[in-house]
Amino acid sequence: MKMTQRARRSAIALVAAAAIGGSGVAVGAATAAPAATSAAASTATTTAPPPLAPLAASGDARASYADVVRQVLPSVVLISTGEGLGSGVVLDRAGNIVTNAHVAAGATEFKVQVAGDPAPRTASLVGSYPPDDLAVIRVDDPAGLQPAKFGDSAKAQAGDVVLAVGNPLGLSGSVTSGIISATGRVVAEPASDGKQGATLPDAIQTSAPINPGNSGGALVTTAGEVIGIPTLTAAGAQGGAQVQGIGFAIPSNLARDIARQLITAGSVTNSHRAAIGAQVGTVTDADGTPAGTGIVSVTSGGPADRAGLRPGDVVKAADGTPTPDTQALAGTLAAAHPGDQLTLTVGRGAQELTVKLTLGELPGT
């Protein structure tokens, strides 16, 4: 599968937050149980909508996107776990639904609500791949499910009009609008329960508001094609200014590929992601300031081993970019490909070494 070329790590300074409702990591308020189906959702049916009117290739501006919403709503579901709420996108008529790994949140059983059907359906976990924050669940009763129409996310470009469809705060079938602000962003999710969040390559940045509960939903074009899975929003304030209109979605090409692997093999067999073949941890100075990424152990025969790295080494920089902590190194790796070569600045005791390392592939699940 042809993957979008990964851009270099974004220089944007922000705090990204996973947009799941409930007690999971969230931005703003959260809900503990599904709200009543909204009017927009309750009027949606599983019958095929009328053909969409021809649209401009990009920069489309119309008075209404109601026809697009009617087409997409039946394919976006509300997912409920014991931890909170999220969204999902129907992949096929067998009942497979793609969502975020942080929406699944370690659960194995789920309740799924389909637009136009007030009765929740039970679902089970097919598989999860936290490095890309993707998971697949499958409903026990797939009758009437309408698979979404997926587009080619490699064709997404800044300035394209997009809609974010999901269930923010449990409000089923909600729609927000915006544009694609940029493509190829490398962004990191916040840490949760002491675990480092996923670092996502090739994220689509959008101005369409993404709120708690939108995670796992659909970022769609004005032609009704899903080109992304909303997962993160910028949160907090930067330099005294409140951050607004910065959200991120996983590209649909990546989401479909990972989902296909989870469905057919039960695991991810080809991650497409680079790795150095070592366990790492953040090294701090005496005052607690991050001072580098320490090598905890190396995989025998892996890239780090072949490059001569050893436990106790501290990676100070990669290709000239400082790596004061594991998240910084993860961002560098997310922007690279297996087979790429990195030049590492490494501290070993009182020595400072320059090490050239050829990246391997991050193992699947």
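Miscellaneous remarks
- Long-range HN-HN contacts of LEU353 with modeled amide H, under 5 Å: VAL346, GLY347, ARG348
- Only aspartates and glutamates eight or more places from LYS155 in sequence, or on another chain, were considered; those with a Cα closer than 14 Å are ASP202, GLU225.
- Karplus-derived 3J(HN,Hα) values for region 280-289, using 6.51 cos²θ - 1.76 cosθ + 1.60 with θ = phi - 60°, are 10, x, 6, 9, 10, 6, 4, 8, x, 6 Hz; glycine and proline are entered as x.
- Aspartates and glutamates with Cα under 12 Å of LYS316, excluding same-chain neighbours fewer than 8 positions away: ASP325, GLU352
- Taken one residue at a time, the phi angles of region 121-135 give Karplus couplings (6.51, -1.76, 1.60, θ = phi - 60°) of 10, 7, 8, 10, 6, 8, x, 9, 9, x, x, 10, 6, 10, 8 Hz. Gly and Pro are set to x.
- Cβ-defined net charge surrounding VAL346, 12 Å radius [Lys, Arg +1; Asp, Glu -1]: +2
- Long-range amide H partners of GLU361 with built H, under 5 Å: ALA275
- 3J(HN,Hα) along region 210-217, derived from phi through the Karplus expression 6.51 cos²θ - 1.76 cosθ + 1.60 where θ = phi - 60°, amounts to 10, 10, x, x, 6, 3, x, x Hz, with x in place of Gly and Pro.
- FRET efficiency, 1/(1 + (r/R0)^6) with R0 51 Å, evaluated for ASP287 and SER177 via beta carbons: 0.65
- Here's how it looks for GLY217: its modeled amide H is under 5 Å from those of SER87, which are all 5 or more places away or on a different chain.
- Counting every other Cβ atom within 10 Å of each residue's Cβ, LYS356, LYS149 order from fewest to most as LYS356, LYS149.
Where a number appears in this text, it was derived from the coordinates with a stated rule and is not lab data. Keep in mind that this is a model prediction, so the values were computed, not measured. Ideal geometry is used to build each Cβ from the backbone, glycine not excepted, and the neighbour counts take in all protein chains shown.
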